[in-house]
1. Over what distance in Å are the Cα centres of the stretch A:429-496 and the stretch A:251-283 separated?
2. For the stretch A:395-534, what number results from the quotient of the Cα radius of gyration and 2.2 N^0.38 Å?
3. Please grab the % of Cα pairs in the stretch A:358-418 that end up more than 13 Å from each other.
4. What ranking of B:Lys49, A:Lys392 comes out by heavy-atom accessible area, probe 1.4 Å, highest first?
5. May I ask you to list the trypsin sites (Lys or Arg not before Pro) in the stretch A:287-372 that are in a DSSP loop and have at most 11 other Cβ atoms within 10 Å of their Cβ?
6. Along the charge dipole of chain A, Cβ charges K/R +1 and D/E -1, which of A:Val318, A:Thr448, A:Gly294 sits furthest on the positive end?
7. Where the centroid of each part is defined by its Cα atoms, how far is the stretch A:514-585 from the stretch A:365-402 in Å?
8. Let me know the mean shielding of A:502-508 by other chains, meaning the per-residue number of their Cβ atoms within 10 Å of its Cβ.
Amino acid sequence: MNKVLLMAAITILLFGAGCKRDLFEPAIENNRQVDDPNALMPSQARFMYGLIGNAYTRIPNTGWYHSDVATDNAVSNDFNNEYLRITQGLWSPLFIPFGFNRWTNGYHAIQYINQMLEKVNEVQWAVDPNIAELFRRRIRGEAYGLRAVFYSDLLRLFGGEASNGQMLGVPLFLSFQDPLANFNIPRSTYEECLQQIYKDLDSASLLLPFDYGDINEGGTVPAKFGNVARTDYNRVYGNNFRGGLLSGRIAMAVKAKTSIIAASPAFSSGNTTTWENAAHDAAAILDLINGPAGLAATGLEWYGGTTAIADQINGLSVGVNPPEVLWRASWEDNGSGLERDNYPPTMFGNGRINPTQNLVDAFPALNGYPISDAASGYNPSDPYTGRDPRLKMFVLVNGGTLSSSTTAINTAADGPTNDGLLKQATSTRTGYYLKKLMHSRVTFTSTTTSGQRHIKPIVRYTEIFLNYAEAANEAWGPLGNGGHAYSAYDVIKAIRRRAGIGIANGDAYLELVKNNKEEMRKLIRNERRLELCFEDIRFWDLRRWKENLTEGAKGVSITGGAYNYINVESRDFQSFMTTNPIPNSEMLKFNALIQNKGW
Amino acid sequence: MTDILVNAATMAAVVNPNWFNAGNSIFGANVNRDIESRSGFDFGATFKKKLNEVNVILGLNGTYYVTKAIKRTEIQNEDYLYRQGHVLDGIWGYENAGFFKDQDDIKNSPVHSLGVTVKPGDLKYKDQNGDGIINVNDQVLLGRGGWYGAPFNLGMHFTAQWRKLTLFALGVGRYGADGVKSGSYFWVGGEDKYSKVVRDRWTTETADIATYPRLTTQSKAHNFVTSDFWMYKANRFDLAKVQVTYDLSSAIRKSNFMRELNVYVSGANLLTVSKERELMEMNVGGTPQTRFYNFGVRALF
């Protein structure tokens, strides 16, 4: 009898267990979810703000992309370098070294931003409702601004003429997409993307302070915030939030960077942004720093190329930028990675980025004339003397020095050390080593590393100056100013003066070309090449200008004091490679996507 | 048929846009989505017969089954790469076309880009998609691994009893699976120690009779990857056990101490019948396989 009872009990237990749904329904995950009502409480504001934190961590250009090694500016001595590989014909929708991550990261960030925008009104950002409202305003502004940052980057990378002949941008997702959403949507046009970016930037500018920082006693809160107590303003927009948060100033810079690309020859046929727009966008920022007069004197070796600038970087307060830098990533203390990669072998580096002869030849003579001009006084048997001082600032030429070292680096093919041309795997392939970006105090010995604080700008003022010069020259000619207080000529003059060229002769070369828009264009493009070299600019400039992509990289082989120019590496780009391909893995899934022309 | 869980990363790669997965952060959840089927049949038969004074029992049983990926969340670059519709234990790899004879042969063949610059004596693979490049897109279904058991399993037992003497034998057969000669014994590169298979390596002199690619101290990424060059049929029949028993019970009938007494001789894993017997009986890097012989007494008190 007992046995029967026991069996019955077991049967009921088994049957009961079988009915219980929780064996099959997964338990709720034991970590905080965004749709949990508790997540909206003031105590959880940091958690919810993390949505947008996920976007901040993905901002492009917070680290270095050395795309210059895929241009006529430089080569790499690392044969696995992905940029090097695309110069040798490996670029394809399956292999986009600088694109695939930015596609996934960009849209991933946008997804978080859209989620933030959908949640921002529900979250109690602070206990005090007035403060909560101020935070809400700021976070909305940040979200709009960040969305523009990412769409701008995606547009720069993937926008262009598609195989159907249309000028296309990227698919626009403006709301949070759940996994069952329809993702098979076509790319929006280039113009639609632009307008979306401009709209988001306008929203950001309206909502955000121009710069973060406390308003001191007696100061007034900007009118656009309405009737807000100064202390409340400081709590939400004050010193505590200096340091990389999206601001009105950054929104303006993003706009200037976006519009000049849109106005460029490669894209201008498919959108309504003109050179004039681009010039105004840049001038809006430059007006704030007094135009060319505000060009930072330390803007050439801003990376700490001199010990004085290094001291300035070391002395920065959190969230404060040097005068040259408009927007930067968090600084890196004790950094030495760039130097380890690029110092020559005798200084315990790997000699990675090797500037080309092409770039060296682009530096004018000290008197401001291009070296191809007889007036330059260029002496082929003594090529590095009497040149633009920026040459030896940015490029380590034979006999130059680096960092605090006083030992001349010998890059000659018959040089006695491993620094010589092609001596070993980490030697230069061109006869030059990279000097720009190298910190003046980083040194290595065989056993020690002395790292230094490095800053990485996302936008520098010099870039905005050059954007203005380029756009103003196209829109109004070298001397036109479109209503601003300065022309392209004025900007270029200031930049060349800062570089130290044409000082003795009143920059005669500039005076010579200032009435010729085409000659001026060449000069502006060349100045841009020099000033912004090794900053992931040239690769994209060549493409938006529709310039020759296939100019081979050259170097110099010095033997017995004689200079022999050598071909180092081809640039096997086809004519359609002015755009990036859309990643193949997305093309396979979504047939509404149209690939860029030629890919 | 079973629903198989597809993880969120695969969903992002195949169904949702790739940007759902940014490595350290992922949208979406794991979904029950894939479907696999395993079906087949079992059979068993036992024959009993008395032949004169000999009792004979012969038993036979077997399992045959097929597997299929009915639905698979995947995205592939070529149609023939899709796993859906194929067996679950498929071995995928390259089809080889012998060794490269010389530099001309290399020059006139598709570019082999498996991460190694090919030289004469390396394996030549077939360009399945005709794009002039040999890479992962040129892998095809080569056979069945039988990782969940060979497709066809056979068990056989045989008992013959004559008076007090009993003979028992058990055999197991496994058919229909394929194997790949891999591991450090067959795939020798880098600084690996040599096994005897490298004696037949390719050299310019032995180009016509070589059965093994050229030796290298560098990467194994070209020759030593799954290809039909390394495949073999894993069919085997094992004589798992043979036992001879003699019943001595009658000799102790009068004793109250013991009720039954048997003596026996048995052997286990006595024989493997297979083309690849040597390979199947070999363990590399571990304890060797054993063959047991037992002599025993069985007594019941």
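The values are calculated or read from the model by the stated rules, or taken from the named source; none is laboratory data. Note that the coordinates shown come from a computational prediction; the quantities given were computed from them, not determined experimentally. In this analysis, Cβ positions are derived from the backbone assuming ideal geometry, glycine residues included, and neighbour counts consider all displayed protein chains. Heads up: the accessible areas ignore ligands, DNA and RNA and are worked out on the full protein's heavy atoms, side chains in. Shrake-Rupley method; radii C 1.70, N 1.55, O 1.52, S 1.80 Å.
1. The stretch A:429-496 and the stretch A:251-283 have Cα centres separated by 19 Å.
2. Numbers: Rg = 19.7 Å, N = 140, 2.2 N^0.38 = 14.4 Å.
So the Cα radius of gyration is 1.37 times the expected 2.2 N^0.38 Å.
3. Values: 1172 of 1830 pairs.
So the portion of pairs separated by more than 13 Å is 64 percent.
4. Working: B:Lys49 130, A:Lys392 100 Å².
So the residues, ranked largest to smallest area, are B:Lys49, A:Lys392.
5. Answer in residue order: no site qualifies.
6. Value computed over the given set: A:Thr448.
7. 19
8. On the way: counts 0, 0, 0, 0, 0, 0, 0.
Partner-chain Cβ atoms within 10 Å, mean over residues of A:502-508: 0.
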